[in-house]
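These notes concern the structure reproduced below.
Values quoted throughout were computed directly from the atomic coordinates according to the rules given, and no laboratory measurement underlies them. As the structure is a computational prediction, the values presented were derived from the model and not from experiment. Every residue, glycine as well, gets a Cβ built from its backbone with ideal geometry; the counts of neighbours run over all protein chains shown.
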Amino acid sequence: MLNYLHALPRPVKRAIHLAVDLFLIPFSLLVAFQLRLTALVPYNYINSILELSGILIVVGAPLSVYLRIPSIQLKAYEQSAVLRTCLWVVTLMVVSMLASFVFAIPTPRTVPLIFGLSLFLMSVGTRILGAYVLSKVENFTQDSTPVAIYGAGAAGIQLISALRNSCEVRCVVLVDDNPSLQGVIIAGLRVEPPGNLKKHVASGCIERVLLAIPSLPDPKKREIILRLSDLNCEVQSLPSYVEIIKSGSLANSLEEITPDDLLGREKVQLDIAGTSSAYHGKRVLITGAGGSIGSELCRQVLAFGVNSLVLFDQSEFALYSIERELKPQAEALGVTLNAYLGSVADYLRMRQIIEREQIETVLHAAAYKHVPLVESNEVEGLRNNVLGTYFTAKASVEFGVERFILISTDKAVRPTSFMGATKRMAELTIQDMDSHAEKTVFTMVRFGNVLGSSGSVVPLFKSQIGNGGPLTVTHPDITRYFMTIPEASRLVLLAGSFAEGGEVFVLDMGEPVKIYDLACRMITLSGRALKSEDNQDGDIEIQFTGLRPGEKLYEELLIDATSLPTMHPKIMRVSEGKLTSAEMAQILDDVQSAVEALDARAARKIISRWVCPV
């Protein structure tokens, strides 16, 4: 029956609303006469009731349509709708008075007043009752998710209102930290203390918590999220009002709590006055533009008002995606945007692009970074990460590029994996290039794992949670430094803005995060329970698979070097030891020979001799 009513065409629903209101006119008149005369059936005034009903229906029907009262949905019947109904009733009340006088219809003087009050109460009451019954039937017949809203402020109240139009979610609990609000009835719900959430989750009363305090500072928000993560239910957060406006819908703005909320530190603000001037009006090339870091670099650089932005990537789809995303913004800003397919290991291709586009700044983000894959594809790791860096840097020097920024990784510090070793060799290559470059300033940026980047642990955990588990962690004690994609990208751009040449920039990333703890948090924040020896009824378990070849338990950011301060308190400048130009020339010759011969054994020999035993 409910599905049938929902499926009715809108004109039919409007006709039903109008018919109910028109039926209430004679019924309200009858009630008015009954109350005035204290008679169950006012026989002496039957003709008066019929005559007045006919006149009021003739006037009331078009007036109701004009005021669009039948068009108001039951779920959306609120203050403005009540005011329209009131205007309609008052008009009919006045018409009933005038009709009684003009047409000499016998009517007690107080009947129009009683009629108006009765009609208003009945018209409003039937709609409220209809909306209430409809919501109860929907909750009973549909598998809607019961949720609690954390925050009884303006955002929380608006969210409750928005969710009342949702068939998938129903709000049953409202909580707030403010003691003065606890016990108050807001939007039909009694405000409870947050401590009650645990019992509601345990009883099955709620399955999700919606954090509706968009103006909350990050440290306080992180503290609340950490508390909520112990509830074993899904947690979502309402973003800032700016993001809500962009999304176009309050209910649709809800976001999953992401692990970057659990970094254990505040996000580092890497904005420094004058940074944009280092890129404003420049012709910038970004290699690996379709990757996680590369694409974010493209977005941020474009906002700096560059003269032209050149996107370079060997993945056709990734390049197409970022070009399509940036093209409207580039056109609006008057920035020339060009996209090129190719490999950084193709020297002629790099020369062609840098010369043709007259590049002034190169952000080198192209690299193979997946440790196990590079471990079993040594030659391609050398080709892309070492030769690709060398060829791009060599072409940059040849055509007078002003700045070259290499994006490196903490795995290049005392590497134990082949991938980390190739990145360390790339760093050595850039240090050598800087030592004899006349115009080009070379620098490197080194950071840890990037949350949400392709191939990182966070998307893997999300996928595994979606598949019902288990989550795979290589070792119970393994830790990693983490930063967000915007932080990593801004660090790269800052390094390029105040680089002097040959140094490494690293970010103070706080304490490393234990991967096992991160996995536990992601499980609980997704609404599942961790399955363990102590909780065999849990939903998802964590399996330890053992360290992969070349994988470290702990990562480092510095190679036995003294860090120096920079213009930003969270960014350190490091000058590290390097090889001689003769040694680097020998290394690059050996690398080219190994790559051309597809000789994996030779590749490992080179790495073992010059970087580390892998």
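Worth pointing out:
- Compared with the dominant Cα axis of the chain, that is its longest principal axis, helix 46-66 is turned about 20°.
- With a Förster radius of 45 Å applied to the beta-carbon distance between V20 and S203, the computed FRET efficiency rounds to 0.70.
- Gain in span if fully extended, H280 to S315, counting 0.36 nm per residue against the direct Cα distance: 9.8 nm
- Considering only the chain, percent of DSSP beta bridges that pair antiparallel, nearest 5: 20 percent
- For L113 and A303, a Förster radius of 60 Å and the Cβ-Cβ distance give a FRET efficiency of 0.40, rounded to the nearest 0.05.
- Among V89, G125, I72 the positive-end extreme of the charge dipole of region 2-139 (Cβ point charges): I72
- In range of the label at R356: residues from region 388-430 whose backbone nitrogen is under 14 Å from the point 7 Å along Cα→Cβ: none
- Within region 407-449: backbone nitrogen closer than 13 Å to the E583 label point (7 Å, Cα to C-beta): 425, 428-429, 431-432
- For K570 and D599, the FRET efficiency from 1/(1 + (r/R0)^6), where r spans their Cβ atoms and R0 equals 60 Å, is about 0.90.
- Amide hydrogen neighbours beyond the local backbone of F447, cut-off 5 Å, H modeled: S408, T409, D410
- Over all Cα atoms in the chain, the spread is summed up by Rg and Dmax: 34.6, 119 Å.
- Backbone geometry of region 105-113 corresponds, through the Karplus equation with coefficients 6.51, -1.76 and 1.60 at θ = phi - 60°, to 3J(HN,Hα) couplings of 8, x, 8, x, 4, 7, 4, x, 5 Hz, x marking Gly and Pro.
- Size of charge dipole - the chain - debye, nearest 20, with Cβ of Lys, Arg +1 and Asp, Glu -1, no other charges: 2240 debye
- For the chain, the 222 nm mean residue ellipticity estimated from helices alone, with every DSSP H stretch of n ≥ 4 adding -39500 (n - 2.57) and the total spread over all residues, rounds to -15000 deg cm²/dmol.
- Taking a Cβ cut-off of under 12 Å around R403, the surrounding Lys, Arg, Asp and Glu residues balance to a net charge of -1, with basic ones at +1 and acidic ones at -1.
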